[in-house]
Amino acid sequence: MKNNIIYFLSFLVLTIGLASCSDDDSNDNALLLSVSIVDGEKQDVALGKSLTLEAKVENGENARFEWTVDGEKVSTELKYVFTPEKAGTYDVKFAAYKDKDEAYAAVLVNVYVAYDAVKSMSDIQFWTGEGECQSALGVQWISGDNWEDPTQDNVHFLSWGYRWKESGQSTGYQMILAIAKADPRFFVLIGPGFSGIDSQSIRGFGYDANGDGRFSIKNESMSITYDAKDFTDGVIFLKDDVTGDGFVSTDPADYWMGGWYENYCSYYLGDDGKNVPESFEYSPYMADLRTLTQNSWDAWTCSSINSGMMNTYPFAEWMVGALANSK
């Protein structure tokens, strides 16, 4: 009888232990709620337009949803149409709640002033320089995560006009310096060429897109920050081991692209003419070796060193005019 009691108690302990393990396995294998926002953590929309934000939810059966803009609740659906009333940067968040589980995703939405389209040189608003000849400079920034096939709202292809004297000639490099000096919103990083002495290389372009008079880029790995005051006539000439890699704009509403070994500013040329070229071809020259011609078009965009990623070509059909100088 005593042995039977011992066997019974042993069986009971084993059964409880197996049940406990089963419960633990069930908890370990529980599918956790997760969320994300389509098209990335930073998106752009022109003032006067609407941006449709869509959340993706995994394991969200019977979950409750909530969108907030700068902390204010605005929707309880998977999709939210954001229609801003003023320019600026907005913190938009999506949350999903289910039982004791919850998940969050966020996106910074930059609302920018829509610039006028440029179809010909006569549409360009910002001009600098003197002379009977004219050329155009275009710089294209792309926001969001999709460089290869971005939406128009994420392409910021600004253009400037430059006048020069035929007798003196001019180069693409001189045009960049002149525009950086004249436009208080435009900033340039410049470094040595490939050999270090034979030419100058463009390491980065920035633009104070929200026009608040402040511009700053930072490189956290090197503990470097450059403010607008550090750009003499809109330019910084890099020294020592600073390559231009790793910098980002401190204000999400402003534009920045650059680098040397990780990403680089790539140079393109379009056919001469008063109208915007239908396409641009990769330049065979460095900027200081490129001689301007009457009605020439130069364009810059950002490309990746990673061979698995295509170069980002200028979207000629989306070129717009940089705002005219208010001075």
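The values are calculated or read from the model by the stated rules, or taken from the named source; none is laboratory data. In this text, all values refer to a predicted model and were calculated from it rather than measured experimentally. We place every Cβ from the backbone using ideal geometry, glycine too, and count neighbours over all the protein chains shown. To get the accessible areas, we keep the full protein, side chains included, count just its heavy atoms, and leave off ligands, DNA and RNA. Shrake-Rupley method; radii C 1.70, N 1.55, O 1.52, S 1.80 Å.
Name the pairs whose Cβ atoms lie under 6 Å apart, with the first residue in region 46-67 and at pLDDT below 90, the second among the hydrophobic types (A, V, I, L, M, F, W, C) and open to solvent by 20 Å² or more (accessible area, probe 1.4 Å), and 6 or more positions between them or separate chains?
46/114; 47/87; 47/113
Whether any residue in region 247-263 is under 14 Å from residue 191 (Cβ atoms) and modelled with pLDDT of 95 or more is what I want to check.
Yes, there is a match, as at least one residue in region 247-263 is under 14 Å from residue 191 (Cβ atoms) and modelled with pLDDT of 95 or more.
Based on what the data block shows, is residue 110 in contact with a Ser or Thr (Cβ under 7 Å, 6 or more places away or on another chain), closer than 20 Å to residue 49 by Cβ and modelled with pLDDT under 90?
So residue 110 fits the description; yes.
Would you mind finding the one in 203, 214 that is in contact with a Cys (Cβ under 8 Å, 6 or more places away or on another chain) and among the charged types (D, E, K, R)?
Being in contact with a Cys (Cβ under 8 Å, 6 or more places away or on another chain) and among the charged types (D, E, K, R) holds for just one of 203, 214, which is 203.
Please report, ordered by residue number, the strands (runs of 3 or more DSSP E) entirely within region 245-327 with at least 2 residues that are open to solvent by 70 Å² or more (accessible area, probe 1.4 Å) and either under 24 Å from residue 200 (Cβ atoms) or among the hydrophobic types (A, V, I, L, M, F, W, C) (or both). Can you show your working first?
Details: elements: 255-258, 263-270, 280-282, 296-304, 319-321.
Where strands (runs of 3 or more DSSP E) fall fully within region 245-327 and carry at least 2 residues being open to solvent by 70 Å² or more (accessible area, probe 1.4 Å) and either under 24 Å from residue 200 (Cβ atoms) or among the hydrophobic types (A, V, I, L, M, F, W, C) (or both), they are 280-282.
Which of the following residues is closer than 30 Å to residue 31 by Cα and either over 20 Å from the mean Cα position of the chain (by Cα) or not basic (Lys, Arg) (or both): 103, 87, 117?
Residue meeting the stated conditions: 103.
Which residue, of 66, 77, 102, 85, is assigned to a loop (DSSP other than H, G, I, E, B), open to solvent by 20 Å² or more (accessible area, probe 1.4 Å) and closer than 30 Å to residue 32 by Cβ? Walk me through it before giving the result.
On the way: 66 fails: assigned to a loop (DSSP other than H, G, I, E, B); 102 fails: assigned to a loop (DSSP other than H, G, I, E, B); 85 fails: closer than 30 Å to residue 32 by Cβ.
Matching residue, one of 66, 77, 102, 85: 77.
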